[in-house]
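Presented below is the structure to which this report refers.
The values are calculated or read from the model by the stated rules, or taken from the named source; none is laboratory data. For clarity, every value in this text was computed on a predicted model and none was experimentally measured. Don't worry about glycine lacking a Cβ; one is built from the backbone with ideal geometry, like all the others, and counts go over all protein chains shown. Accessible surface areas use protein heavy atoms only, side chains included; no ligands, DNA or RNA. Shrake-Rupley method; radii C 1.70, N 1.55, O 1.52, S 1.80 Å.
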Amino acid sequence: MRVPDVLADAAVVAKRNIIKIKRVPDLLVFTTLSPIMFVLLFSYVFGGAIDREGGGAAYREFLIAGIFAQTVIFGATVTGAALAEDLKKGILDRFRSLPMAPSAVLTGRTFSDVVNNVIVLVVMGLTGLVVGWRIRSSWLDALAGVGLLLVFAYAISWIMAWIGMLVPSPEVVNNASFVVIFPLTFVANTFVPLDTLPGPLQTFAEWNPVSSVTQAARELFGNIPPGTPAPTAWPLQHPEVYTLLWSAVILLVFVPLANAQYRVSTSR
Amino acid sequence: MDHAIEARGLVKRYKGVTALDGVDLTVPAGTVLGLLGPNGAGKTTIVRVLSTLLRPDGGSARVTGVDVLTRPAAVRRRIGLSGQYAAVDEYLTGYENLDMIGRLYHLGARRSRARARELLAAFRLEDAADRPTRTYSGGMRRRLDLAGALVADPPVIFLDEPTTGLDPRGRTEMWDVIQTLVAGGTTLLLTTQYLEEADVLADEIVVIDQGRIIAQGTADSLKRQVGGERLELTVADAAVLAGVTEVLTPLGVGRPAVDDGRRSFVMPVSGGPEVLAEALRLLGERQVRLEDVGLRRPTLDDVFLALTGRATERDGRPDDGGAR
Ligand SMILES: Nc1ncnc2c1ncn2[C@@H]1O[C@H](COP(=O)(O)OP(=O)(O)OP(=O)(O)O)[C@@H](O)[C@H]1O
Ligand SMILES: [Mg+2]
């Protein structure tokens with residue numbers, strides 16, 4: 001099958017998933033309300049407690065990129081849970097009896113989750129602006145930061161697609177992925193500066209790609225306060241490159257793995 | 001002549017169960033094959049293998065001459081499937097479901113849209129067309145799923161229990177749709193629990209049980225295998241059954257079956273209405289009060305029971321499929 005056909009089929013599947021965002025109340029809440037809640041909670045609860053120089057406002061600005069990163073990564077669990085849901089229902093039998101590209105089912109799902117993440121980022125960005133976050137670089141840089149967040153989240157959604165195909169129910173997918181995602185997004189520079197972490201955790205956090213994507217977004221948004229010491233770890237010195245490397249490796253491993261698991265799980 | 005569907009020696013094993021145990025099928029183009037069998041016989045498994053959803057452990061199959069195992073993608077362009085459980089997306093509307101299927105058959109946007117509206121009308125779903133199918137009744141969902149199989153007008157269609165869950169009106173409508181399709185030259189393989197349905201729709205009937213074909217032929221030839229007509233009567237008072245048996249047995253061509261509890265008497269006969277008239281005369285002389293009397297030709301139900309009686313008996317026992 002030719003690549004344009006695969007993309008066309010994936011677009012049809014993605015459209016189906018996007019229609020669902022409107023019609024499934026859970027998804028709509030997940031997509032719009034929880035990002036607002038995250039921004040508000042983290043800014044005011046943590047923002048007040050962990051006060052860096054210059055009062056809560058500076059810390060709020062520091063936090064935003066971390067909240068963005070955490071939220072879009074958590075958003076990837078939608079990929080896995082939705083696929084597990086499809087697997088339970090008969091709809092995949094319908095898809096599999098049609099002359100569409102088999103890979104379009106997973107590709108379409110990951111596409112629609114990018115759309116989902118764009119909505120999430122817009123909602124969070126607006127909420128951020130309300131609580132005092134500002135882009136202090138150029139719009140172009142800020143867009144690059146958003147792009148990097150989307151690319152990294154896209155890669156993660158293929159890991160979730162694989163889990164969704166592997167695990168028998170949407171609930172299990174959610175639990176399984178939270179067990180992985182919580183430590184990854186918290187043992188990082190998302191919510192606290194790395195120098196506050198104890199030794200071994202700090203090293204882990206420095207090499208954690210969640211830190212690098214957060215660092216990259218922070219830099220590109222111009223949200224690193226002047227006078228902050230430069231990072232010492234290589235990944236954080238080159239956060240864009242390191243993030244893209246991780247994204248590429250994840251995609252190279254998990255796109256084939258998820259598609260193989262799709263074939264196994266659907267043909268029994 | 002090339003057959004629309006050909007299967008040789010299909011075998012499918014699950015842990016402990018042999019779902020298909022060497023099934024051969026041939027369906028000439030433009031004809032309807034009815035697959036009949038009790039629960040667990042392997043009907044759905046056959047449909048899933050032929051529609052490329054399931055790889056068999058043995059055997060081979062071709063649909064419109066295309067090998068199901070080596071060229072599944074090409075087979076999918078030539079088939080339409082409506083599985084046993086409606087495979088529609090519950091959050092999409094009926095229209096969106098059909099439009100999506102059209103696009104995935106690569107009909108293009110315009111034809112997909114037109115075809116979706118056309119089928120919604122044909123299946124009496126126009127009023128519900130723009131509602132999410134979550135709000136549909138079971139029968140509406142079933143009809144939408146069937147419409148999905150017809151979107152691309154494929155030459156071969158598989159329908160797994162197409163009328164299960166439909167009301168009588170829905171069922172006759174479905175039969176009309178199916179007969180129209182067949183008149184247009186479509187080849188159809190349908191499974192059913194309704195023997196009447198196979199009788200009405202199928203050119204050829206295959207009865208399967210425990211993954212094997214146990215009988216095959218037209219509805220008439222299957223009925224002949226089970227035997228001719230029967231005289232059946234129900235008396236008002238069970239006490240007279242012994243006397244009834246005594247006077248009527250000479251009219252029969254086989255041993256009568258008498259059931260005291262149901263006050264019934266059933267006996268194979270030959271000779272049609274004359275036998276019935278004679279029986280009524282004899283019973284009239286004796287002033288036997290009858291609640292019901294009639295001459296019954298064997299239905300496919302009789303065929304079904306006669307051929308798969310063992311299977312119904314087996315119900316409730318642990319499945320012994322793996323031991324075979
Ligand atoms: N995925 C599976 N795993 C294990 N056993 C299976 C599986 N699918 C089917 N079987 C077994 O294979 C046999 C045939 O099943 P199949 O679904 O083809 O029957 P059927 O004739 O369609 O029955 P029904 O009328 O109930 O739909 C049954 O014994 C069933 O338990
Ligand atoms: Mg079945």
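If you filter the stretch B:13-44 down to residues that are open to solvent by 20 Å² or more (accessible area, probe 1.4 Å) and within 14 Å of another protein chain (Cβ to nearest Cβ), you find that the one that is farthest from ligand 2 (Cβ to nearest atom) is B:LYS15. Residues that are part of a helix (DSSP H, G or I), closer than 19 Å to A:ARG60 by Cα and at pLDDT 90 or above occur in the stretch A:221-244; there is at least one. Counting only helices (runs of 4 or more DSSP H) that sit wholly inside the stretch B:167-257, those with at least 1 residues that are closer than 26 Å to B:THR18 by Cβ are B:195-201, B:219-226.
From the residues in the stretch B:40-52 that are of a type in the set (Ser, Thr, Tyr) and over 16 Å from B:ARG212 (Cβ atoms), which one is farthest from ligand 1 (Cβ to nearest atom)?
Taking the stretch B:40-52 first, the residues of a type in the set (Ser, Thr, Tyr) are B:44-45, B:51-52.
Subsequent filtering for residues that are over 16 Å from B:ARG212 (Cβ atoms) retains B:51-52.
Values: B:SER51: 13, B:THR52: 16 Å.
This residue is B:THR52.
Going through (1) surrounded by fewer than 18 Cβ atoms within 10 Å (Cβ to Cβ); (2) more than 21 Å from B:SER112 (Cα to Cα) one by one, B:GLY184 falls short only on (2). Exactly one residue out of B:LEU98, B:LEU81 is within 16 Å of ligand 1 (Cβ to nearest atom) and at pLDDT 95 or above: that is B:LEU81.
Candidates are the residues of the stretch B:1-12 that are part of a strand (DSSP E or B) and of a type outside the set (A, V, I, L, M); the one that is most open to solvent (accessible area, probe 1.4 Å) is B:ARG8. Scanning the stretch B:77-90 for residues that are in contact with a helix residue (DSSP H, G or I) (Cβ under 6 Å, 6 or more places away or on another chain) and either without any contact (Cβ under 8 Å) to a residue 60 or more places away in the chain or open to solvent by less than 40 Å² (accessible area, probe 1.4 Å) (or both) turns up B:GLY80, B:LEU81, B:SER82, B:GLY83, B:ALA86, B:ALA87, B:VAL88, B:ASP89, B:GLU90. Scanning the stretch B:136-171 for residues that are under 19 Å from B:LEU36 (Cα atoms) and open to solvent by 10 Å² or more (accessible area, probe 1.4 Å) returns B:GLU161, B:THR164, B:GLY165, B:LEU166, B:ARG171.
Is there a residue in the stretch B:157-172 that is over 16 Å from B:VAL88 (Cβ atoms), of a type in the set (Ser, Thr, Tyr) and away from ligand 2 (no atom under 16 Å from the Cβ)? Yes, there is a match, as at least one residue in the stretch B:157-172 is over 16 Å from B:VAL88 (Cβ atoms), of a type in the set (Ser, Thr, Tyr) and away from ligand 2 (no atom under 16 Å from the Cβ). Based on this model, can you work out whether B:VAL47 counts as touching a residue at least 12 places away in the same chain (Cβ under 8 Å), in a helix (DSSP H, G or I), of a type in the set (A, V, I, L, M, F, W, C) and within 16 Å of ligand 2 (Cβ to nearest atom)? Yes: the conditions hold for B:VAL47. Go through A:PHE62, A:PHE68 for me and flag whichever is open to solvent by 10 Å² or more (accessible area, probe 1.4 Å) and more than 18 Å from A:ALA11 (Cα to Cα). Just one listed residue meets the conditions, A:PHE62.
Every residue, every condition in (1) loosely packed, with under 14 Cβ neighbours inside 10 Å; (2) within 19 Å of B:VAL32 (Cα to Cα); (3) not hydrophobic (A, V, I, L, M, F, W, C), yes or no:
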site: B:GLU204; (1), (2), (3): no, yes, yes
site: B:ILE208; (1), (2), (3): no, yes, no
site: B:ARG224; (1), (2), (3): yes, no, yes
site: B:ALA239; (1), (2), (3): yes, no, no
site: B:GLU246; (1), (2), (3): yes, no, yes
site: B:ARG255; (1), (2), (3): yes, no, yes
site: B:PHE265; (1), (2), (3): no, no, no
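When the stretch B:143-165 is limited to residues that are within 16 Å of ligand 1 (Cβ to nearest atom) and farther than 16 Å from B:VAL32 by Cα, the one that is modelled with the highest pLDDT turns out to be B:ASP145. If you filter the stretch A:23-41 down to residues that are open to solvent by less than 80 Å² (accessible area, probe 1.4 Å) and of a type outside the set (A, V, I, L, M, F, W, C), you find that the one that is nearest to B:ASP89 (Cα to Cα) is A:ARG23. Which number in (1) over 30 Å from B:LEU10 (Cα atoms); (2) open to solvent by 10 Å² or more (accessible area, probe 1.4 Å) marks the one condition that B:THR218 misses? Of the numbered conditions (1) over 30 Å from B:LEU10 (Cα atoms); (2) open to solvent by 10 Å² or more (accessible area, probe 1.4 Å), the odd one out for B:THR218 is (1). In this structure, is A:LEU98 within 14 Å of chain B (Cβ to nearest Cβ) and within 30 Å of B:LEU146 (Cα to Cα)? Spelling it out, A:LEU98 is indeed within 14 Å of chain B (Cβ to nearest Cβ) and within 30 Å of B:LEU146 (Cα to Cα). Residues being more than 13 Å from every other protein chain (Cβ to nearest Cβ), open to solvent by less than 50 Å² (accessible area, probe 1.4 Å) and within 14 Å of ligand 1 (Cβ to nearest atom) are entirely absent from the stretch B:53-73. Between a first residue in the stretch A:248-268 that is more than 13 Å from every other protein chain (Cβ to nearest Cβ) and closer than 27 Å to A:LEU149 by Cα and a second residue that is at pLDDT below 95 and open to solvent by 50 Å² or more (accessible area, probe 1.4 Å), which pairs have beta carbons less than 6 Å apart while being 6 or more apart in sequence or on different chains? Short answer, once both residue conditions are applied: A:PHE254/A:TRP162; A:LEU257/A:TRP162; A:ALA258/A:TRP162; A:GLN261/A:TRP162; A:GLN261/A:LEU166. Of all residues in the stretch B:91-115 being over 19 Å from A:ASN17 (Cα atoms) and away from every other protein chain (no Cβ under 11 Å), which is surrounded by the fewest Cβ atoms within 10 Å (Cβ to Cβ)? Filtering first and then ranking leaves B:ARG110.
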